[in-house]
Amino acid sequence: YMAGGEVQLIERCRGVFASSASQIVLTGALGSGMATKLCNNLMMYLGFVAAFEATRLAARAGIAEETLTAVTQANGVMTQPMLAYLGLQETVAANPTDAALQAQLAKFIGLAEKDLAITLEYAAELGVALPATAVCRQLMAQVYGRDRPRQS
C-alpha cells in the first residue's frame, strides 16, 4: 500500500494493511499516497505504450518479438508488467472475436483512461504539463488491441 498521512495513524492501521498487502510504503502527507499511486500507474501505462510501439516497429523492421524481448530484458528496459502486457497482446491477436476477452479489454481501457484522466486533472491542479500522458490516454484503446483511438 501507498499510505499518506500522519505516521502514528498509519502505524495504528499497519495490522489491517498487512492483512492484504506485503508492503506498506509511507509516502508523506495526507494525499501523497494517492499521488504516488497516480505516478505509479502513469509509469506503467507509458511503459505499455513503449512496448506497443517498439514491438510494432521491430516487427516492421523484421525483428522477432522474442529478439526484442531478450535484448530489453537483458538491459533492464523490459519490466514484468510490460511482459504481461505483451502476453495479453498475443492473446488478443489469437482471439480477436472472443466476446469475453473484448469485454475484459473494455474494462482495462476504461480503467486506464480513467486513471490517466485523473492524473491529468491532478497535474493541471499542480501546474504540471504532462503532454506524453495526454497522448498516452488517447492511445489506450489501440494499446489494448482495439483500433479506436480516444478523442479528447
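The values are calculated or read from the model by the stated rules, or taken from the named source; none is laboratory data. These figures come from a predicted structure and were not determined experimentally. Neighbour counts run over all protein chains shown; Cβ positions are idealised from the backbone, glycine included. Ligands, DNA and RNA are stripped out before the accessible areas are found, and what is left, the full protein with its side chains, is counted by its heavy atoms. Shrake-Rupley method; radii C 1.70, N 1.55, O 1.52, S 1.80 Å.
What to note about this one:
- Checking every residue in region 3-23 against the condition of being under 17 Å from residue 143 (Cβ atoms) and exposed (fewer than 14 other Cβ atoms within 10 Å of the Cβ) gives zero matches.
- Residue count, region 24-58 (criterion: farther than 25 Å from residue 118 by Cα and surrounded by 13 or more Cβ atoms within 10 Å (Cβ to Cβ)): 3
- Selection from region 65-94 of residues that are more than 13 Å from residue 55 (Cβ to Cβ) and surrounded by 13 or more Cβ atoms within 10 Å (Cβ to Cβ): 73, 79, 81, 91
- Close pairs from region 128-152: first at pLDDT 85 or above, partner open to solvent by 70 Å² or more (accessible area, probe 1.4 Å) and assigned to a helix (DSSP H, G or I), Cβ under 8 Å, at least 6 apart: 144/108
- Every residue from region 107-121 that is touching a Leu at 6+ places or on another chain (Cβ under 7 Å) and without any contact (Cβ under 8 Å) to a residue 60 or more places away in the chain: 120
- Number of the condition not met by residue 104 [criteria: (1) modelled with pLDDT of 90 or more; (2) open to solvent by 60 Å² or more (accessible area, probe 1.4 Å)]: (1)
- Qualifying residue in region 113-120 (condition: modelled with pLDDT under 90 and loosely packed, with under 15 Cβ neighbours inside 10 Å): no
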